[in-house]
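The values are calculated or read from the model by the stated rules, or taken from the named source; none is laboratory data. All of these numbers come straight from a predicted model, not from anything done at the bench. Cβ: placed from backbone, ideal geometry, glycine included. Neighbour counts: every protein chain shown. Only protein heavy atoms, including side chains, enter the accessible area calculation; ligands, DNA and RNA are left aside. Shrake-Rupley method; radii C 1.70, N 1.55, O 1.52, S 1.80 Å.
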Amino acid sequence: MKRKEKFLLIEGMHCAACSSRIDRVVSSLPGVEEVAVNLSTNKGRVVYDEDQIDLAEITRRIEALGFGAREEIKRDVGADRRRKEAQYAKYRRRFIISLVFSLPLFAVMFFHMAGVHVFFGEPAVQFVLATVVQFYIGYVFYRGAWLSLKSGSMNMDVLVALGTSAAYGYSIYNWLTGNPHLYFESSAMIITLILLGKMLESRAKGKTSEALEKLMDLAPKTATIERDGTYQTIAIEDLQIGFHVLIKPGERVSCDGIIIRGDSTLDESMLTGESIPRDKGLGDMVFAGTINGQGSLLVEVTRSPEETGLSKIIHMVEEAQNTKAPVQRIADKVAAVFVPVVIGIALITLVVHLLLHGGTERAIVAAVSVLVIACPCSLGLATPTAIMVGTGKAAEEGILIRNAAALEQAHSINCMVMDKTGTITYGRPTLKEVFTISGDEKENKAMLYAMERESEHPIAMAIVEAFESEGIKKESLPHGDFQSVTGKGVAFQSGGSVYLAGSPSYLEGEGISVRNQIQEHLGEGYTYVAMAKDKELLMILSLWDPLKEHSKEAISQLKSMKLHTVMLTGDSKSAADKIGALAGVDENMAEVLPDDKAEKIKELQQSYVVGMVGDGINDAPALATADIGFAMGTGTDIAMESGDITLIRGDIRSLVRAMDISHKTMRTVKQNLFWAFFYNIIGIPIAALGLLNPMIAGAAMALSSVSVVTNSLRLKRK
């Protein structure tokens, strides 16, 4: 099986019925696994088995439905902008022409009401003006309707073409039979108002993808490479691993690589969220999209352009914006039958009015109003526009959401499980207290420093770092023979004495009492290192992995969201209880081995919808088992394959923000769907009762889509 994922540019979609039709036809093809057609971006994402079907066949089937389709080989921000601008300009041009020809028709009503005769009130002049709007400007609706019917479906164009043609045709009939009631202004103004709505919708839709475009703008388009002592500029896609790239002062870094010459400070806030630039020198990593300070750097490329951290972020955001949330299935099912149902309601309206009132005029006006007020577009835009803005906003804040389903599912979580080490705490031991029992404390520290500096154990390194910060110098250390006792500690012979340092159990195994001293002077819940000289206990050190600065605040916020909070750790119960109490979690699960974490998640899933946040490496099985996995990244080493949502800044506050964005995005989706359904459920019956002028119906239809997109854009300000 050869699994392929491709993005398609699709032309000619006007409403939810269009995207739904493409989605149904393509998903029914053999070998196609996933399809997501996005009305708001005019793009589609398709996953298929290349052994069963090729992309050419998929595009042929889309074209057979009356739409244009071609592969998007490379995402081009400039080309996307030009397409959006061209579409907006097209609608704007058509709207202006339509308005110029429609306004005189609209004005005729008011002149007639005032008893003033104007030349453009003549039926022949009205006919000419309306004909230009109906067939020159309205050609796009006729063409869209024909292509839709030809492919065996019905879209919004069918409703507009039917409604305006009925008003236009009835006006000609009345003119020829001497009836003074003409509706040329209705057919023309309906088209004009719908074009106004399309123009505004086009402008608003363009803003939903601004966040992704900003991310893509972070990537430089060219790079300056050093080759044979000279510099040359090449396209970024031509960079290869091993190339030497010059990064000038003030430039954006064009690759992921290692500094081989120079030093500088780099602004990595787009990855880490840290506003303070980082010092970088020989051997340090730099990352594409970050900003160089005042120094000039020569960097050796270590990742190809498509494998940089920034490229992965962009791809993940784009993929999320081209997937469908499960809630969208409701709108898709309605869109599939929407237009035929509306046409049926319009026919029933026509017949009922003819039977009850006997007047053709009232019956046609009511039927036309039904046709032009119905709006499948708002249904199609309700979910994808909110998803695009939500995922884009998240990406701006260092939160990468894998797909729309993850965004939707996250808002249902009512239990958050957090790995302790590296998530709630910093993930590295820190010296907390030194308790001297015998001897001079300064001399004891110097001796322990001499012993521990030979070890690479994290606890030893923490002690060395703490003592160095106190000013202990390597030059004045005692000399002796060092011996490491694996898993226990170290032994050191110096000046005829034997020094031991390590875990309490190690020293007690050597006949030195330690536990009583710990219980009497230091209490439980920490990691301890004891030091002895010739069987005499000299001092005990307590170490701990402290809470991250904002862990308590973040956990409090999670609890305010009505989430049950659980800390999961392999540490002892006493250590877990101490950290858990400081952090304020509801429940501790201690002494859990890495392989058992997934089982603990399953136990919780019997009572809760469970989210799990961890480092994305040791916690991978638990992240995969949870309903939603949140992988903590570092911004520069992103474990995006481990979780449904990646927090690239490694800050637990991003977890709170991810939940917040999920809640607000899904609230917006529900608002959009509610108003889209409510609008049609209320508007169509009112029109059917004959209580709505066709022009007002057309204006309402045009603005319904605009209101949905505008509501989605509100997420950018939240």
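Name the single residue that is surrounded by the most Cβ atoms within 10 Å (Cβ to Cβ) among those in the range 229-259 being part of a strand (DSSP E or B) and β-branched (Val, Ile, Thr).
Ile247
Does the range 463-474 contain any residue that is outside any loop (DSSP other than H, G, I, E, B), more than 50 Å from the chain's Cα centre (by Cα) and loosely packed, with under 13 Cβ neighbours inside 10 Å?
yes
Just to verify a result, which residue in the range 164-206, among those that are surrounded by fewer than 19 Cβ atoms within 10 Å (Cβ to Cβ) and hydrophobic (A, V, I, L, M, F, W, C), is farthest from Val370 (Cα to Cα)?
Step by step, filter the range 164-206, then rank; the result is Leu176.
Out of everything in the range 322-347 that is without any contact (Cβ under 8 Å) to a residue 12 or more places away in the chain and open to solvent by 60 Å² or more (accessible area, probe 1.4 Å), what residue ends up being nearest to Leu212 (Cα to Cα)?
Of everything passing the filter in the range 322-347, Arg329 is nearest to Leu212 (Cα to Cα).
Considering each residue of the range 18-43, count those that are outside any strand (DSSP E or B) and out of contact with any Cys (no Cβ under 9 Å at 6 or more places or on another chain), and give that number.
Of the residues in the range 18-43, 17 are outside any strand (DSSP E or B) and out of contact with any Cys (no Cβ under 9 Å at 6 or more places or on another chain).
Give me the helices (runs of 4 or more DSSP H) completely within the range 529-606, filtered to those with at least 2 residues that are in contact with a Phe, Trp or Tyr (Cβ under 8 Å, 6 or more places away or on another chain) and not polar (S, T, N, Q), ordered by residue number.
Where helices (runs of 4 or more DSSP H) fall fully within the range 529-606 and carry at least 2 residues being in contact with a Phe, Trp or Tyr (Cβ under 8 Å, 6 or more places away or on another chain) and not polar (S, T, N, Q), they are 573-583.
Within the range 174-208, work out how many residues are outside any helix (DSSP H, G or I) and among the hydrophobic types (A, V, I, L, M, F, W, C). Spell out the reasoning first.
Going residue by residue through the range 174-208, those that are outside any helix (DSSP H, G or I) are 178-183, 208.
Add one more test, that the residue is among the hydrophobic types (A, V, I, L, M, F, W, C), and what stays is 182.
Residues meeting the conditions: 1.
Restricting the range 517-561 to residues that are of a type in the set (S, T, N, Q) and over 28 Å from Asp440 (Cβ atoms), which is least open to solvent (accessible area, probe 1.4 Å)?
Ser551
One residue is enough: does the range 148-162 have a residue meeting the conditions open to solvent by less than 10 Å² (accessible area, probe 1.4 Å), charged (D, E, K, R), part of a helix (DSSP H, G or I) and within 30 Å of Gln321 (Cα to Cα)?
Yes, the range 148-162 contains at least one residue that is open to solvent by less than 10 Å² (accessible area, probe 1.4 Å), charged (D, E, K, R), part of a helix (DSSP H, G or I) and within 30 Å of Gln321 (Cα to Cα).
Can you find, within the range 475-496, the residue that is nearest to Val529 (Cα to Cα) among those that are open to solvent by 100 Å² or more (accessible area, probe 1.4 Å) and either acidic (Asp, Glu) or in a loop (DSSP other than H, G, I, E, B) (or both)?
Lys488
Restricting attention to the range 585-599, report how many residues are crowded, with 17+ Cβ neighbours inside 10 Å, within 30 Å of the chain's Cα centre (by Cα) and modelled with pLDDT of 90 or more. Working first, answer last.
Step one: of the range 585-599, the residues crowded, with 17+ Cβ neighbours inside 10 Å are 585, 588-590, 592, 597-598.
Cutting the leftovers down to within 30 Å of the chain's Cα centre (by Cα) gives us 585, 597-598.
Those still in the list that are modelled with pLDDT of 90 or more too: 585.
Going through the range 585-599 one residue at a time, the tally reaches 1.
With the structure loaded, tell me whether Met270 is under 25 Å from Ile645 (Cα atoms), open to solvent by 20 Å² or more (accessible area, probe 1.4 Å), hydrophobic (A, V, I, L, M, F, W, C) and under 23 Å from the mean Cα position of the chain (by Cα) or whether it fails that test.
yes
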